[in-house]
Amino acid sequence: MDSKLVKQLKPYLAVIFLQCGFAGFTIIAKFALDQGMSHYTFSVYRNVIATVVVAPFALVFERKIRPKMTFSVLYKIILLALLEPVIDQNVYYVGMKYTTATFTSAMCNVLPAITFLLAWALRLERVNVRRLHSQAKIVGTLVTVGGAMIMTLVNGSVIGLPWTKTKPGSQITDEKAHQDPVKGALMITAGCFCWSIFYILQATTLKAYPAGLSLTSLICMAGALEGAVLTLVVERSNAAIWSIGWDSQLLAYVYGGIICSGVTYYVSGVVMKEKGPVFVTSFNPLNMIIVAVTSSFVLFEQLNVGKITGAMVIIVGLYLVIWGKSKDESEPLSDQTEMIDQQKGTPTNLSADVASGDDVV
């Protein structure tokens, strides 16, 4: 295979791998949470495992390229740990408890829209409202948010699938009694907002601290410490939540730590260096499709017309954004420079500022 083609495909294959990993994690995490797992200790153990797994690789492979730690990088790492390993993961898991695995993965499709808006506001995403591809990105963002609202507010008739009818009716009724889609949607959206800021801040931090494995280890270690403090404060009278057994909870800790913290933080950082944070988040619909199919078999979740309609709207919106992004990459450099000048009013070179380690977030 042509080496140029392989190089072009690498970012796409990487983000597809990440979405497959996220899909598997959503199923495992939902099952473990339904079995009574604490979302506080889940976040702590997940990041402890990620640190233990990734740190040795960072020590070996980045010993010669690891830059010196500065105060600017240190406080960014602390903030990164607070945003994703602590705030995002906890509110995300709470939202998952109130909804289903399919609903959770579908709501996460607002992540690319939030990332796009933040990147646009911070001049990290090129947008010229007079260009068709920029208009597509804007319209796609609005359509994505609309699709998420449809999934949240519209139910419709249930789509009967043979394998979802095998679950005992009493258990389904009990699950529905504990579900609150509106509250769950708000929690998941809040988590996505923190997740989006995390991606943007990670992209800028990697400019000043380009050792990806070391940065991943430090984020997970700081996240585990901050999460442990939060857990001790909130659940100080409930020591039982720290117990570990050979069950679905242990599988969730290990899978989440290795795949969704260690591997994801590093791989997404590598891809963002080339494609930017909006590209990394644009493939979330793949996660939703995998989860929707898998959870109907594993968790016996039922689909309804509202979820299917909202999911289709979300996919249309997100791929408008992806199409616009693809046109950005083929745009002449002179046009890009002119666009940035029009947005900022002055001929400022943002990429040079970021590369020098200047704070963007």
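The values are calculated or read from the model by the stated rules, or taken from the named source; none is laboratory data. Remember, predicted model here, so these are calculated numbers, not experimental data. Cβ coordinates were reconstructed from backbone atoms using ideal geometry, including for glycine residues, and neighbour counts include every protein chain displayed. What goes into the accessible areas is simple: the full protein's heavy atoms, side chains included, and nothing from ligands, DNA or RNA. Shrake-Rupley method; radii C 1.70, N 1.55, O 1.52, S 1.80 Å.
Here is how the numbers come out for the structure above:
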{"item": "Which listed residue is touching a Gly at 6+ places or on another chain (Cβ under 9 Å), under 30 Å from Pro56 (Cα atoms) and open to solvent by 60 Å² or more (accessible area, probe 1.4 Å), from Val316, Val305, Val270, Val263", "result": "Val270"}
{"item": "Filter result (touching a residue at least 60 places away in the same chain (Cβ under 8 Å), assigned to a helix (DSSP H, G or I) and not charged (D, E, K, R)) within segment 60-83", "result": "Phe61, Ser72, Val73, Ile77, Ile78, Leu79, Leu80, Ala81, Leu82, Leu83"}
{"item": "Residue check for Thr115: in contact with a strand residue (DSSP E or B) (Cβ under 9 Å, 6 or more places away or on another chain) and in contact (Cβ under 8 Å) with a residue 60 or more places away in the chain", "result": "no"}
{"item": "Test: residue in segment 99-115 that is of a type in the set (Phe, Trp, Tyr), assigned to a helix (DSSP H, G or I) and at pLDDT 85 or above", "result": "no"}
{"item": "Counted residues, segment 40-57 - those being surrounded by 22 or more Cβ atoms within 10 Å (Cβ to Cβ) and of a type outside the set (S, T, N, Q)", "result": "7"}
{"item": "Segment 239-258, residues that are in contact (Cβ under 8 Å) with a residue 24 or more places away in the chain and open to solvent by 40 Å² or more (accessible area, probe 1.4 Å)", "result": "Trp242, Ile244, Asp247, Leu251, Val254, Tyr255, Ile258"}
{"item": "Yes/no for Ile197 being out of contact with any Gly (no Cβ under 7 Å at 6 or more places or on another chain), open to solvent by 10 Å² or more (accessible area, probe 1.4 Å) and closer than 27 Å to Tyr75 by Cβ", "result": "yes"}
